[in-house]
Amino acid sequence: MGRAFEYRKATKLKRWGHMARTFTKLGKEIAIAVKAGGPEPENNPRLRAIIATCKRENMPKDNITRAIKNAMGKDTSDYKEVTYEGYGPHGIAILVDTLTDNTTRTVADVRSVFNKYNGNLGTTGSLSFLFDHKAVFTFNKKDGMDMDDFILEFIDYGVEEEYDVDDESGEITIYADPKSFGDVQKHLEDNGYEITSAEFTYIPNDLKDVTDEQRETIDKMVEKLEDFDDVQNVYTNMKPADVDASEE
């Protein structure tokens, strides 16, 4: 498996430890999707993708249904997607994805954590070169599926040649240009692939080694950032403890 897969697996395993918080953040994404495309998943591709991710993260069906119903009565028109960038302790690069209706509040919250841990919040785009922004799809492999033929077919839809196969589940993870998200999702669905997760993510170009003590400090900072309701995801270029050096 590739380094990108191992990095995502390690960071997701950590995030799954905060299930209630994850459900809250997914609920907010559902609200945005419903406002943009309506409450019917069959007519709303983005909502279908989020529901697939909800199921993968073991969000109960009742929670999903309730989130869709609640979204019908909420005003989410003022929500903005903002990514904050900066350096944390020990020179670790950090991206903070937020979904907020009050950027003044959100930037103050994010900056307070950077300051507490002797970090430095930078300007937009200052650290984006250290990460690749990708659309990521995970789906169940079909019997007799030829990956070379699959990639050849999907490359016109923005899918990269790199892919990963989870030997335990048999699921396949592919990566694509974020601008191609809708096209890739539609083509997968039209061809009968069962999508189990669809999302946007940032993957660091190079992972940075840290000591156990340094990792503990950075993990605490990330947890503080994740505590804010406006924060959807936090990405770093710190090598996760679960990633083997051979994957670099």
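The values are calculated or read from the model by the stated rules, or taken from the named source; none is laboratory data. Keep in mind that this is a model prediction, so the values were computed, not measured. Cβ placement follows ideal geometry from the backbone for every residue including glycine, while neighbour counts extend to all protein chains displayed. Protein only, heavy atoms only, side chains kept; ligands, DNA and RNA dropped before computing areas. Shrake-Rupley method; radii C 1.70, N 1.55, O 1.52, S 1.80 Å.
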Fraction of alpha-carbon pairs in region 38-168 farther than 24 Å apart, rounded to whole percent, equals 55 percent
q = 0.09, 0.16, 0.18 Å⁻¹, the chain: log10 I(q)/I(0) [Debye, one scatterer per Cα]: -0.41, -1.31, -1.56
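Counting heavy atoms of the protein chains only and a 1.4 Å probe, report the per residue accessible area for the chain as a whole number of Å². Provide the component values of the computation, followed by the final result.
Values: 12720 Å² over 248 residues.
Solvent-accessible surface per residue comes out at 51 Å².
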Carbon plus sulfur, as percent of the 1.4 Å-probe accessible area of region 112-177, comes to 43 percent
Distance (nanometres) between label positions extended 7 Å along Cα→Cβ at N205 and A36: 2.7 nm
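Please sort 45-51, 220-226, 209-215, 178-184 by packing, taking for each peptide the average over its residues of neighbouring beta carbons within 10 angstrom, highest first. Don't skip to the end; give the middle numbers.
Values: 45-51: 21.7, 220-226: 19.1, 209-215: 12.6, 178-184: 15.9.
For the peptides 45-51, 220-226, 209-215, 178-184, the packing ranking is 45-51, 220-226, 178-184, 209-215.
Taking all pairs of distinct Cα atoms, average 1/r, flip it, and tell me the Kirkwood hydrodynamic radius of region 56-121 in Å to one decimal place.
So the Kirkwood estimate lands at 14.3 Å.
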Rounded to whole Å, √(5λ) for the Cα gyration tensor eigenvalues of region 130-223, largest first, gives 30, 15, 12
